[in-house]
1. Would you indicate which of [x] 9.3; [y] 10.5; [z] 15.6 is the value of mean projected area of the Cα convex hull in nm² derived from the coordinates of this structure?
2. Compute the Cα gyration tensor for the range 108-181, then decide on rounded, prolate or oblate, letting a ≥ b ≥ c be the square roots of its eigenvalues: rounded whenever a/c is under 1.5, prolate when a/b is larger than b/c in the other cases, and oblate in all that remain.
3. How much net charge surrounds Arg15 when only the other residues with a Cβ under 14 Å from the Cβ of Arg15 are counted, with Lys and Arg +1 and Asp and Glu -1?
4. Over 22 Å between C-alpha atoms is what I'm after, so list which of Lys18/Lys171; Lys91/Lys171; Lys123/Lys145; Lys145/Lys178; Lys122/Lys145; Lys91/Lys145 land there.
5. With an 8 Å Cα cut-off and a minimum separation of 6 or more residues, compute the relative contact order for the chain in percent.
6. Residues of the range 76-106 with backbone nitrogen within less than 11 Å of a virtual label 7 Å along the Cα-to-Cβ line of Leu114, please, listed as ranges.
7. Pick out which of Val104, Val54, Val78 has the largest mean-square fluctuation in a Gaussian network model of the chain, springs linking Cα atoms closer than 10 Å.
8. Mind checking which of Leu55, Leu116, Leu31 has the largest fluctuation in a GNM of the chain, springs on alpha carbons under 10 Å?
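Read-outs throughout are calculated quantities, based only on the coordinates presented, and are distinct from any laboratory measurement. All values derive from a computational prediction rather than experimental measurement. Here the Cβ positions follow ideal geometry from the backbone for every residue, glycine too, while neighbour counts run over all protein chains shown.
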Amino acid sequence: MLYIAFLRGMNVPGRSVKMEYLRSLFTDMGLDSVRSYIQSGNVFFESDETDRAVLGARIGGHLAQALGYEVAVCLRTVPELEALIALDPFKGVTVTDDLRCCVVFTTERIDPDLVLPMLSPKKDMEIIGHTGYDAFVVWYLIKGKAPAAKGFQERVLGHDATTRFFHTVVKILDAAKKGAT
C-alpha cells in the first residue's frame, strides 16, 4: 500500500532536517519506495502494514529517537487524498491575499458533533468543514502573518496534527501518484 506521511514540525525554526536524511530514516525501518516532496515533511512510502495506528506509532517512535523530538505522523492513502480533494471544500471561499485555505491532518478522529463553521476567538482562523480525520480551515492573515496552530486549532483539533495549504495537498497527491508502483 502506498502511504503519504504528513509530518509535523519538519524544517521549522530550530528543527532543520535534510530530506535525504529523513528518507533514510524511513528506509531504515524497512519501508519501500521511499520518496519525499518539498521540505515540509511529506514522505511517500510503501508498506504491507494495514494497521495505521501501529505503523504511525512505529514511524513516530523511530523519528523521535533519531531526531530527539516528538513528530506527529498523519498517514493518508492516495484514494483518501483523492476523495478529500474531490470534496472541493473551499469552493465557497473567495481567496484574497490575506487568506489561506488549509487542510489540517490529524491523528485522532475529529469530534463528529463539532458545530461549524467555528471562528477562533482572535478571528484569525475558521474551521469550515471536516472529514473524520481532516479539517478544512481558513486562515485570515493579520498584518501579513499566519495564525499559530497552538491555541484554538490545537484545542479543537488536537495537537497531533499538521497543516498544509490546500493547493499544496493537490500537488502532493500528484507527486505521490507519479511515483506509484
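1. Computed from these coordinates, mean projected area of the Cα convex hull in nm² corresponds to label [y].
2. On the way: a/c = 2.32, a/b = 1.46, b/c = 1.59.
In terms of gyration-tensor shape, oblate.
3. +1
4. Working: Lys18/Lys171 20 Å; Lys91/Lys171 18 Å; Lys123/Lys145 13 Å; Lys145/Lys178 34 Å; Lys122/Lys145 13 Å; Lys91/Lys145 24 Å.
Pairs exceeding 22 Å: Lys145/Lys178; Lys91/Lys145.
5. That works out to 22 percent.
6. 103-106
7. Greatest mean-square fluctuation among the candidates belongs to Val54.
8. Leu116
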